[in-house]
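Undergrad: I'd like to ask some things about the structure below.
The values are calculated or read from the model by the stated rules, or taken from the named source; none is laboratory data. Only a predicted model underlies this, so the values are computations on that prediction, with no experimental measurement involved. Heads up, the Cβs are rebuilt from the backbone with ideal geometry, glycines too, and the neighbour counts pull from every protein chain shown. Heavy atoms of the whole protein, side chains included, go into the accessibility calculation; ligands, DNA and RNA do not. Shrake-Rupley method; radii C 1.70, N 1.55, O 1.52, S 1.80 Å.
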Amino acid sequence: MAESWRNRIVGHGAESPDRLAANPRNWRLHPKSQQDALVGVLADVGWVQDVVVNQTTGFILDGHLRVATALAAGQASIPVVYVDLTPDEEALILATLDPLGAMAEADTTQLRSLLADVTTDSAAVQTILTELAEAAEAATLREIDPDTRSKGMTVTTATTVRPVLALADVAVFDQAIQATGLDNRGEALMAICRAYLGETRAENR
Amino acid sequence: MPKTDNTTLRRKVTLRLALLREFPDPIVCEAYGGYGRIYDRCYRDLGPGVVFEKDELKAASLAVQRPHWAVYEGDCVSALAAGCGRHRPVNFFDVDPYGQPWPAIDAFLRSDRPHPDRLGIVVQDGLRQKVQLTGGRNIKSLIQTVQRWGADHLYEHYLEACRELMTDKAAEAGYDLRRWTGYYCGRQNALTHYAAVLTRSGGSR
């Protein structure tokens, strides 16, 4: 049985936003468009996600913008989830929480279907939804009418290109080259390759 | 203008994942391997492919990142033109240069290599900014496009012009352009992303 992942959540509550401390190591910046969109969603729907606070340090781990927005809007309290992390663990979460989420890619079909059902009165939120819809639409390939003509194909000669290989043991490469007895290393490598191909074909007959 | 930004990367990934859904058994060729970020997000779980990278250090890094791929250090245009990587029946061609994609697309389509019945091409095209400044007059790969659209109108219709150009190049190589999507992105919409599904002329979709 797989080892259980620890639950570091130690409680839930509600706090006045002016009692929550911004994390001095917070690296995220929030453009005005994001702030405006968040205000729109909070006004439309309300709180659906807790601000994460590390009980050990008292600092916010996730939710700085929500706290700032709530303060600016004169909100009396916001929902909070408390976690119990060491300072090192806090740093790890602070570094990876958003980037991990940002790694999610778009299933454009699902996204278009979802956006078709989403409405809002907030202009800022509508901007984001429109951008999402445009991006999903833009990545959708469509049938077009072919326009056929036919001309020939041309071949040109090569310039220098090097195959690049990451070898665990470079020395064996040199040993094999040397074993051919050929001074020209390029010819030696070709000889090795031809010999190998010759042996492989003979085995496969 | 920075060569990339987070939004652009996310949209690149979304587009590639959308195109990959059209190919149950993709065999990928990356014309410009770069730092391998697209591979990490889109191609890591696929079978062996082919990648080109001009920068020595980046190529070495790519060889470590994907030891099962054929990694080539050198100019992808001349290497592709010579048929480099033809040992793999590539059916998914990723072109993500800093500037223009058309020489690499030409080189791939015109070279001596297995050409699948169905081919996906996904592109980041950085020419639109230059077109805005010069009308495209000094861009060799767009000479005929400028003549067709006019230097004063090409910027406004750049995406449509790219679709037309892709149709032409596909036809020259014996393909029909069957499915297409594209959009502008990046700062001041200077970048153009597009994806195409090509099928052999006279073949099924």
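Undergrad: Could you tell me how many degrees, from 0 to 90 and to the nearest 10, lie between the Cα long axis of helix A:32-44 and the main elongation axis, the longest principal axis, of the Cα atoms of chain A?
TA: 50 degrees
Undergrad: Summarise the accessible area of region B:56-116 (1.4 Å probe, protein heavy atoms) by the percent that is carbon and sulfur.
TA: The nonpolar share, carbon plus sulfur, comes to 54 percent.
Undergrad: What does the convex hull of the Cα atoms of region B:80-152 come to per residue, in Å³, rounded to a whole number?
TA: Cα-based convex hull of region B:80-152, divided per residue, equals 100 Å³.
Undergrad: How far is helix A:123-138 tilted, in degrees, relative to the longest principal axis of the Cα atoms in chain A, given as a value from 0 to 90 rounded to the nearest 10?
TA: For helix A:123-138, the angle is close to 20 degrees.
Undergrad: Determine the per residue accessible area of chain A with all protein chains present and a 1.4 angstrom probe, expressed in square angstrom.
TA: About 70 Å² of surface per residue is accessible.
Undergrad: Can you bin every Cα-Cα distance in chain A into 5 Å intervals starting at zero and give me the percent of pairs per bin, rounded to whole numbers?
TA: Using 5 Å bins, I get a P(r) of 1, 5, 9, 10, 10, 8, 7, 6, 5, 6, 7, 7, 7, 6, 3, 1, 0 for chain A.
Undergrad: Note down the relative contact order for region A:1-145 as a percent, whole number, built from C-alpha pairs under 8 angstrom at least six residues apart.
TA: Numbers: 160 pairs, mean separation 44.1, N = 145.
Relative contact order, region A:1-145: 30 percent.
Undergrad: Taking the Cβ of A:Ala136 as the center, what net charge do the other residues with Cβ under 11 Å away carry, scoring Lys and Arg +1 and Asp and Glu -1?
TA: Neighbourhood net charge equals -2.
Undergrad: Express in whole angstrom the spacing between the alpha-carbon centres of region A:2-72 and region B:116-191.
TA: Their Cα centres are 45 Å away from one another.
Undergrad: Moving on. Which value in deg cm²/dmol, rounded to the nearest 500, describes the helix-derived mean residue ellipticity at 222 nm for chain B, given -39,500 (n - 2.57) per DSSP H run of n ≥ 4 and division by the residue count?
TA: -10000 deg cm²/dmol
Undergrad: Show me you know the interface measure: the accessible area buried between A and B, both chains summed, probe 1.4 Å, in Å² to the nearest 100.
TA: Buried surface at the A/B interface: approximately 3300 Å².
Undergrad: Using only Cα atoms, find the angle between the long axis of helix A:170-179 and the longest principal axis of chain A, and express it within 0 to 90 degrees, rounded to the nearest 10.
TA: That helix lies at roughly 10 degrees to the long axis.
Undergrad: Still on this structure, I have one more. Below 15 angstrom from the Cβ of A:Ala195, what's the summed charge of the other residues (Lys, Arg +1; Asp, Glu -1)?
TA: -1
Undergrad: Just counting partner chain Cβ atoms within 10 Å, what average do the residues of peptide B:174-183 show around their Cβ?
TA: Shielding by partners across B:174-183 averages 5.
Undergrad: What whole-number value in cubic angstrom gives the convex hull volume per residue for the C-alpha atoms of region B:1-96?
TA: So the per-residue hull volume is 98 Å³.
Undergrad: Within chain B, which DSSP H helices have Cα atoms that stretch 15 Å or more along the helix axis and a mean Kyte-Doolittle hydropathy of at least -0.5?
TA: Taking the DSSP H segments of chain B (at least 15 Å long, mean hydropathy at least -0.5), we get B:6-20, B:158-172.
Undergrad: Then there is this: Using Cα-Cα distances under 8 Å and only pairs 6 or more residues apart, what relative contact order does chain B have, in percent? Walk me through the numbers before you get to the answer.
TA: Details: 355 pairs, mean separation 39.1, N = 205.
Relative contact order here is 19 percent.
Undergrad: Ordering A:His64, B:His157 by how much accessible area each has at a 1.4 Å probe, largest first, what is the list?
TA: From most accessible down to least: B:His157, A:His64.
Undergrad: Same structure, new question: Using only helices, what value at 222 nm comes out for chain A when you add -39,500 (n - 2.57) per DSSP H run of length 4 or more and divide by the total residues, to the nearest 500 deg cm²/dmol? Numbers along the way, then the final one.
TA: Values: 7 runs with 92 residues, N = 205.
Per the formula, -14500 deg cm²/dmol.
Undergrad: Sorted from largest to smallest, which semi-axis lengths in Å does the alpha carbon gyration tensor of the protein assembly as shown give for its equivalent ellipsoid, taking the root of 5 times each eigenvalue?
TA: So the three semi-axes of the protein assembly as shown are 47, 31, 19 Å.
Undergrad: Here's a follow-up. Keeping all protein chains in position, work out how much accessible area B:Glu53 exposes to a 1.4 Å probe, and write it in Å² to the nearest 10.
TA: 20 Å²
Undergrad: Just how large is the dipole of chain A about the Cα centre, in debye to the nearest 20, putting +1 at every Lys and Arg Cβ and -1 at every Asp and Glu Cβ?
TA: Taking the Cα centre of chain A as origin, the dipole is about 580 debye.
Undergrad: With +1 on each Lys and Arg Cβ and -1 on each Asp and Glu Cβ, how big is the dipole of chain B about its Cα centre, in debye rounded to the nearest 20?
TA: Charge dipole, chain B, about its Cα centre: 340 debye, nearest 20.
Undergrad: Under unit Cβ charges (Lys, Arg +1; Asp, Glu -1), what dipole magnitude, rounded to 20 debye, does region A:13-88 have relative to its Cα centre? Before the final figure, lay out the partial values.
TA: On the way: 5 positive and 8 negative charges, 45 e Å.
With only Lys, Arg, Asp and Glu charged at Cβ, the dipole is about 220 debye.
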